[in-house]
Amino acid sequence: MAGGEKGRETLHLDRYREEKAERKIKRRRRRLIRWGIPALLLLFFFLFCLSARLTDVTVVGNSRYTEEELISMIFPREGDFNTFYALYRERFGEPEDIPFVEKYRVKVTGLHSAEVTVYEKSVAGCIEYMGSYLYFDREGVIVESSRELSEKVPLVTGIRFQHIVMHKKLEVEDEGIFSEILHLSQLLDQYGLYPEQMAFDRERNVTLTMGKIRAVLGDDRYLAEKTSELSDMYPELSGRSGTVYLNEYRPDVKNPSYPFVPDGEGVP
């Protein structure tokens with residue numbers, strides 16, 4: 001009898017141990033389901049975020065750089081092309097410092113696409129000073145310094161200034177010259193003319209240099225008309241070297257002609 005009871009006690013103890021082991025396994029399974037699946041999903045999401053890349057980036061508002069140049073300056077590191085990192089940088093990061101660009105905005109338009117809107121600095125001309133080119137806006141404020149001369153910004157000579165401070169207005173003898181430079185630059189841009197040099201004398205008469213052609217425009221009267229005439233004449237002057245004189249332009253003269261003096265022949 002005692003042996004039977006002992007056997008039943010052993011059987012109950014084995015069942016208890018089995019049930020305890022099963023409960024432990026079930027608890028582990030529940031913990032695995034409760035924490036393992038979210039952790040796995042989080043891992044997949046993390047890997048997904050790492051793999052999401054911007055492969056289609058468009059740029060608008062840019063005229064000074066090529067699209068490829070701007071993209072390489074806005075996204076200088078390989079990791080910058082990560083879609084989610086680009087979202088973070090746009091909201092919290094510091095923008096890249098790009099010459100002649102006031103600011104830019106990156107808008108992520110899809111998982112693999114983004115649009116960059118560029119706001120360029122307003123530049124009217126530049127002066128050369130101690131081996132650098134200092135670019136100024138319509139008010140004469142120095143907005144940029146560079147070792148390179150921009151193709152579409154004229155080098156202005158003949159401006160007499162006292163001293164130069166970055167992001168400050170140039171102190172010149174005649175401040176009205178800045179409005180003339182801006183007006184003339186806008187006219188030239190309208191006709192697709194981009195002189196390398198815009199030279200002023202003491203009376204504020206201006207001469208443009210475009211390759212081997214010099215165009216004497218004179219004072220600021222009839223600048224729009226003179227620029228239009230120069231635009232019409234320029235294709236015929238291509239490949240030649242010399243000076244064309246438009247400084248005697250008069251609006252009341254029909255079918256005017258302008259002297260062109262090839263280099264080496266003197267002033268007409």
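Since every read-out is calculated from the coordinates, none of them should be taken as a lab result. Since the model is a prediction, treat every value here as computed from it, not as a measurement. Quick reminder, even Gly has a Cβ in these numbers, built from the backbone with ideal geometry, and neighbours come from all protein chains shown.
A few remarks follow.
- Exposure proxy shown here: for 145, 238, the number of other Cβ atoms within 10 Å sets the order, fewest to most, as 238, 145.
- Once the mean of 1/r is taken over each pair of separate Cα atoms and inverted, segment 143-268 shows a Kirkwood hydrodynamic radius of 15.7 Å.
- Rg over Rh for segment 163-209 works out to 1.01, using Cα positions for both radii and the Kirkwood form for Rh.
- Taking 222, 135, 191, 104 and counting other C-beta atoms within 10 Å, the order from fewest to most: 191, 222, 104, 135
- Burial ordering of 198, 73, fewest other beta-carbon atoms within 10 Å first: 73, 198
- Excluding same-chain neighbours fewer than eight residues apart, the aspartates and glutamates reachable from residue 254 by a Cα-Cα span under 14 Å are 225, 229.
- Segment 69-115 versus segment 178-232: alpha-carbon centroid distance in Å: 38 Å
- Cβ-Cβ FRET estimate between residue 111 and residue 77, R0 fixed at 25 Å, reported to 0.05: 0.80
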